[in-house]
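This report refers to the structure that appears directly beneath it.
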Amino acid sequence: MEQQNNHALRVLGWAEFRAHPSRLHAMFTNNKAGQLVYDVRQVINLTQSTSIDDVNVTVYKDNIVLTTSTSDQLAMVQDVFLRRMLLLKITIYHTEISSKYSVETVRIVEDDFAVLLNGHHPSVRPQVKSGFHLATRYVNKNQRFCLELDISDLLLDWYMEVRDAITSCDDIHSLKSKRTRLCVTNHSLYNHGLDCSPKWILFLCVCWILYVPCYRIWRKLTCADIRVKLKCDVTSATCYIHSETTRMQLKDSKRKYDSV
């Protein structure tokens with residue numbers, strides 16, 4: 001267990017975690033009814049909507065949101081994030097469009113993972129503290145804020161490397177993740193649906209020019225957005241299969257949709 005506590009971010013396939021939770025961390029077990037058992041003094045379960053004291057935690061399709069209204073609530077959330085580990089359930093969608101040199105196929109793989117983020121790890125703690133420090137400054141000025149702790153890039157990079165997602169340089173690949181942003185706010189979330197890549201900006205030129213700049217100006221005037229892209233080592237809690245072909249056979253832990 002001590003070695004597991006030294007990891008900043010541990011990842012395990014969700015189906016494997018539900019069947020063998022101790023593989024993610026030794027503190028997790030299943031009772032006779034198959035329900036997850038763990039020490040609530042060490043872990044905050046953010047896989048479903050809940051509450052931490054009087055702070056509501058809402059798990060949406062895309063984000064995990066903690067809503068605070070006072071400086072005391074914000075301080076409590078900061079203390080929880082820095083002293084306990086956070087259990088998340090994230091989803092990665094991998095879309096692959098085969099090139100003209102192979103069978104014309106669109107393949108979409110949907111993978112669910114259990115993620116354990118260690119807030120008191122030396123590589124994570126300073127980043128989390130800096131985000132909450134800025135949020136506290138805005139709260140003390142009676143201003144609105146939205147703090148995002150983002151692990152999207154970490155997990156997508158890990159997925160590409162460990163899951164061996166790129167099968168051919170001629171294929172077109174697209175990756176996106178769900179519930180990889182931890183948001184703490186006293187207002188509302190930033191609309192990341194407007195974060196278009198340059199090619200989409202060109203394609204949607206008129207709509208983008210008319211709406212997005214106005215939204216960003218309004219957002220800047222009404223809310224302070226604090227974005228912290230966490231950087232740390234990602235540890236696989238099990239030995240993953242590097243073959244994409246073999247991985248497709250593991251239907252218990254993922255859903256696959258093929259169309260020709």
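What does the extension gain come out to for residue 137 and residue 187, with contour length at 0.36 nm per residue minus their alpha carbon separation?
Working: separation 50, 0.36 × 50 = 18.00 nm, distance 1.52 nm.
The span from residue 137 to residue 187 would gain 16.5 nm if fully extended.
Taking K and R as +1 and D and E as -1, what net charge do the other residues with C-beta under 15 Å from the C-beta of residue 28 add up to?
+4
Let me make sure I get this right: for the range 115-164, a, b and c are the square roots of the gyration tensor eigenvalues over alpha carbons, sorted descending. Under 1.5 in a/c it's rounded, otherwise prolate if a/b > b/c, else oblate. Which is it? Don't skip to the end; give the middle numbers.
On the way: a/c = 4.36, a/b = 2.24, b/c = 1.94.
Note, shape of the range 115-164 comes out prolate.
Out of residues 5 or more away from residue 224 or on other chains, whose amide H comes under 5 Å of its own, with H placed 1.01 Å from N in the peptide plane?
144, 145, 146
Pairs 178/231; 141/178; 61/141; 89/231; 141/220: which exceed 22 Å Cα-Cα? Walk me through the numbers before you get to the answer.
Working: 178/231 18 Å; 141/178 32 Å; 61/141 32 Å; 89/231 19 Å; 141/220 16 Å.
Beyond 22 Å: 141/178; 61/141.
Under a Cβ-Cβ cut-off of 12 Å, what is the net charge of the residues other than residue 77 that fall near it, where Lys and Arg count +1 and Asp and Glu count -1?
Working: positive: 83, 84; negative: 53, 54, 72, 79.
Within the 12 Å Cβ shell, the charges total -2.
Read the figures in this text as sums done on the coordinates, not as results from a lab. Bear in mind that the values here come from a model prediction, so they are computed numbers and not experimental data. Counting neighbours? That spans all protein chains shown, and the Cβs are built from the backbone with ideal geometry, glycine included.
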